[in-house]
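First, the structure itself, so that you have it in front of you.
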Amino acid sequence: MKNPYRTQNIAFFFLFLATLLIVVPVGLIIVIIIQKGLPAINWQFLSDIPRQGMRAGGIFPAIVGTVYLVTGAIILALPIGLLAAIYLSEYSKDNLLNRLIKLAIVNLAGVPSVVYGLFGLALFVVFFKFGASILSGSLTLGIMILPVIITTSREALESVPQSFREVSLSLGASKWQTIRHIVLPNAIPGILTGTILGLGRAAGETAPILFTVAAFYLPRLPNSIFDQAMALPYHLYVISTQVPNVAEKIRYGTAFVLLALVLIMNLVAIIIRYKFRKRKKW
Amino acid sequence: MAKIITKNLNLWYGTFQALKNVNSTIEANRITAIIGPSGCGKSTLLRVFNRMNDLIEVLRTDGEVLIDDTNILDSHTDLVVLRKKVGMVFQRPNPFPLSIYENIVFGEKIHADGITRDELDEIVEKSLRDVLLWDELKDRLNEPALRLSLEQKQRLCIARLIAVKPDVLLMDEPCSTLDPQATARVEELMRELKSRYTIIIVTHNMQQAARVSDNTGFMLLGELIEFGKTHEIFTAPRDKRTEDYITGRYG
Ligand SMILES: Nc1ncnc2c1ncn2[C@@H]1O[C@H](COP(=O)(O)OP(=O)(O)O)[C@@H](O)[C@H]1O
Ligand SMILES: [Mg+2]
């Protein structure tokens, strides 16, 4: 006779194993980075420029560079992405062309980041003559995270119950008023989720900034958006592979700061999202 | 006095004809009930009156629907104006996930620029009084509307609607989620509102139609089989199919 509980237990076991397989390595990475990186963290490390060929001093320019780049990318990608998502979810008709557009956007999220890097080099650095600059880097990162933001925002908009739209329209609100006052406020948590994902990706990628903005060694802060800048992921790559004899502490310290920066940015978005979500119960 | 007149109204969802040659005259300040088995087109007919069907891309209509002598099926109809005038209460109580106060002023905020807080307060009080919720809720106006009971929610939806000052209230099975006591109280409310509004109620509950309405229309498979005074429909139906339905021979 078949014992349904046994198959169920076996299934649970494998599901649990799969979860463990994901959680354990991530946890280990975090633990190791904290363990090896935390001792390097002090005020000087965070606020000083790199010294002695990046073997001493701090990483302040790289932190600032990454914050600038991520901010720039979000400023570009969030409004455009949101508008595109509103168009796709609220206005576009369900026809072949629009289905293809949606499919293309989802697939763009999977394009390797180095391709975006080359695209940014060709378009912003060379064609628009922005040179290797914060502007070029931000634009490249912005374009890279657009698909994520569009896709998650669209899903957030589409998950707002149709009945809310109907009520609003039935009270004489126009379509735009309905979107503005009913659909968007209820979609904010989901939109923020997309922004978080985009943020993390923009902060962590090396390839898109490699040709478009990142400076190997620039021991000062950028002066304008047309200036080059150091950035944490690239700096980490440089001190790990290009400069001999950098103390392990400094490498892991840099990784720790990058991780912490992304986590802090995510945390802010998560708190905002939580605030909004408390209101939503349907 | 006739408020709404439908003339040879036909409606298609793609190739499926959901309304067939509907002719009716809906009187002002009366309650008109639309009854009939599920899927016969009651909601479809109701949604013609405020053009909510327009959300469906494959929809096609012909014929005329005159509201105050204007054909609202005309492509030039201003839907915002129409929907302010012809409001709708839905089957499931559906307040927005906002406070009680914000729910009621939603329409007013959208329609009137630069309206003052005092004016809004006044609208909230008046609308809640109209639906007999003021005493219960006056101290809870900033609570989330989703915390109310089903009956309170449905009343709130009616309050939210009358805050935009419509002439016609369309109600699509407004009591189907309520218990019998709550249903009786909402019916009482409808009777009170009818002196000021033209009310059309869709219901699958024949007793309800008999209790609250002045006129009744019976629909079957997209046709309006019979339309007339409620007591006549229920006591002396002219059509065999109406008789079969009200004596319980259809589902
Ligand atoms: N959006 C739609 N697309 C296609 N057919 C529909 C749509 N809405 C309703 N119908 C069909 O139209 C008929 C009438 O529906 P409806 O007006 O909702 O009936 P009722 O409210 O009387 O139960 C049904 O056969 C239903 O399947
Ligand atoms: Mg219905």
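The values are calculated or read from the model by the stated rules, or taken from the named source; none is laboratory data. These numbers come from a predicted model, not from an experiment. Please note: Cβ atoms are built from the backbone with ideal geometry, for glycine as well, and neighbour counts cover all protein chains shown.
Find the residue count for the range A:225-241, including only residues that are more than 21 Å from the chain's Cα centre (by Cα) and either among the hydrophobic types (A, V, I, L, M, F, W, C) or modelled with pLDDT under 90 (or both).
Result for the range A:225-241: 3.
With the requirement that a residue be in contact with a helix residue (DSSP H, G or I) (Cβ under 7 Å, 6 or more places away or on another chain) and over 29 Å from residue A:135 (Cα atoms), what does the range A:31-54 give you? Break it down stepwise before answering.
The first filter runs over the range A:31-54 and keeps only residues in contact with a helix residue (DSSP H, G or I) (Cβ under 7 Å, 6 or more places away or on another chain), leaving A:33-34, A:36-41, A:45-49, A:54.
Once the filter is applied, which keeps residues that are in contact with a helix residue (DSSP H, G or I) (Cβ under 7 Å, 6 or more places away or on another chain) and over 29 Å from residue A:135 (Cα atoms), the range A:31-54 yields A:33, A:34, A:36, A:37, A:38, A:39, A:40, A:41.
If a residue has to be touching a residue at least 60 places away in the same chain (Cβ under 8 Å) and either part of a helix (DSSP H, G or I) or within 12 Å of chain B (Cβ to nearest Cβ) (or both) to count, how many in the range A:202-219 make the cut?
Of the residues in that region, 6 qualify.
Need the failing condition index for residue A:131 against (1) assigned to a helix (DSSP H, G or I); (2) on the phi > 0 side of the Ramachandran plot, just the number.
(1)
Separate question: For the range A:149-201, enumerate the residues that are among the aromatic types (Phe, Trp, Tyr) and at the interface with another protein chain (Cβ under 9 Å from one of its Cβ atoms).
Within the range A:149-201, the subset among the aromatic types (Phe, Trp, Tyr) is A:164, A:176.
Once the filter is applied, which keeps residues that are among the aromatic types (Phe, Trp, Tyr) and at the interface with another protein chain (Cβ under 9 Å from one of its Cβ atoms), the range A:149-201 yields only A:164.
Report whether or not residue B:3 is part of a strand (DSSP E or B), closer than 30 Å to residue B:192 by Cβ and either away from ligand 1 (no atom under 16 Å from the Cβ) or not small (Gly, Ala, Ser) (or both). So that I can check it myself, show each step before the final result.
On the way: part of a strand (DSSP E or B): yes; closer than 30 Å to residue B:192 by Cβ: yes; either away from ligand 1 (no atom under 16 Å from the Cβ) or not small (Gly, Ala, Ser) (or both): yes.
Here the answer is yes, as residue B:3 does meet what is asked.
Are any of the residues in the range B:183-199 within 16 Å of ligand 2 (Cβ to nearest atom) and closer than 22 Å to residue B:53 by Cα? Outline the logic, then answer.
The first filter runs over the range B:183-199 and keeps only residues within 16 Å of ligand 2 (Cβ to nearest atom), leaving none.
No, the range B:183-199 contains no residue that is within 16 Å of ligand 2 (Cβ to nearest atom) and closer than 22 Å to residue B:53 by Cα.
This table checks each residue for (1) touching a Cys at 6+ places or on another chain (Cβ under 9 Å); (2) small (Gly, Ala, Ser); (3) more than 23 Å from residue A:87 (Cβ to Cβ); (4) not in a helix (DSSP H, G or I).
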position	(1), (2), (3), (4)
A:107	no, no, no, no
A:114	no, no, yes, no
A:137	no, yes, yes, no
A:154	no, no, no, no
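Here is a list: A:271, A:225, A:264. Which entry is part of a loop (DSSP other than H, G, I, E, B), more than 14 Å from chain B (Cβ to nearest Cβ) and either in contact with a strand residue (DSSP E or B) (Cβ under 9 Å, 6 or more places away or on another chain) or surrounded by fewer than 19 Cβ atoms within 10 Å (Cβ to Cβ) (or both)?
Details: A:271 fails: part of a loop (DSSP other than H, G, I, E, B); A:264 fails: part of a loop (DSSP other than H, G, I, E, B).
Checking each option against the conditions leaves just A:225.
Going through the range B:163-203 one residue at a time, which ones are more than 14 Å from chain A (Cβ to nearest Cβ), surrounded by fewer than 18 Cβ atoms within 10 Å (Cβ to Cβ) and within 16 Å of ligand 1 (Cβ to nearest atom)?
Within the range B:163-203, B:176 is the sole residue that qualifies.
Now for a separate question. Looking at the structure I just gave you, is residue A:36 surrounded by 11 or more Cβ atoms within 10 Å (Cβ to Cβ) and either farther than 30 Å from residue A:247 by Cα or of a type in the set (Lys, Arg) (or both)?
Spelling it out, residue A:36 is indeed surrounded by 11 or more Cβ atoms within 10 Å (Cβ to Cβ) and either farther than 30 Å from residue A:247 by Cα or of a type in the set (Lys, Arg) (or both).
Something else: Restricting attention to the range B:115-124, does a residue exist that is in contact (Cβ under 8 Å) with a residue 24 or more places away in the chain, within 14 Å of chain A (Cβ to nearest Cβ), surrounded by 14 or more Cβ atoms within 10 Å (Cβ to Cβ) and away from ligand 2 (no atom under 16 Å from the Cβ)? Step through it out loud before you land on a result.
Filtering the range B:115-124 down to residues in contact (Cβ under 8 Å) with a residue 24 or more places away in the chain leaves B:123-124.
From what's left, within 14 Å of chain A (Cβ to nearest Cβ): B:123.
Still in the running and surrounded by 14 or more Cβ atoms within 10 Å (Cβ to Cβ): B:123.
Narrowing the set further to residues that are away from ligand 2 (no atom under 16 Å from the Cβ) leaves B:123.
Yes, some residue in the range B:115-124 is in contact (Cβ under 8 Å) with a residue 24 or more places away in the chain, within 14 Å of chain A (Cβ to nearest Cβ), surrounded by 14 or more Cβ atoms within 10 Å (Cβ to Cβ) and away from ligand 2 (no atom under 16 Å from the Cβ).
Go through the range A:61-94 and give me each residue that's touching a residue at least 40 places away in the same chain (Cβ under 8 Å) and among the charged types (D, E, K, R).
Hit for the range A:61-94 is A:90, nothing else.
Looking at the range A:157-168, is at least one residue free of Cβ contacts under 8 Å to residues at least 60 places away in the same chain and aliphatic (A, V, I, L, M)?
So far as the range A:157-168 goes, yes, one or more of its residues are free of Cβ contacts under 8 Å to residues at least 60 places away in the same chain and aliphatic (A, V, I, L, M).
Oh, and also: Within the range B:26-58, track down each residue that is without any contact (Cβ under 8 Å) to a residue 60 or more places away in the chain, away from ligand 2 (no atom under 16 Å from the Cβ) and over 13 Å from the mean Cα position of the chain (by Cα).
Listed by number, the residues that qualify are B:54, B:57, B:58.
How about the range B:14-61: which of its residues are closer than 19 Å to residue B:212 by Cα and within 7 Å of ligand 1 (Cβ to nearest atom)?
The answer is B:36, B:42, B:43.
Within the range B:204-251, track down each residue that is among the polar types (S, T, N, Q), within 15 Å of ligand 1 (Cβ to nearest atom) and closer than 19 Å to residue B:25 by Cβ.
Within the range B:204-251, B:216 is the sole residue that qualifies.
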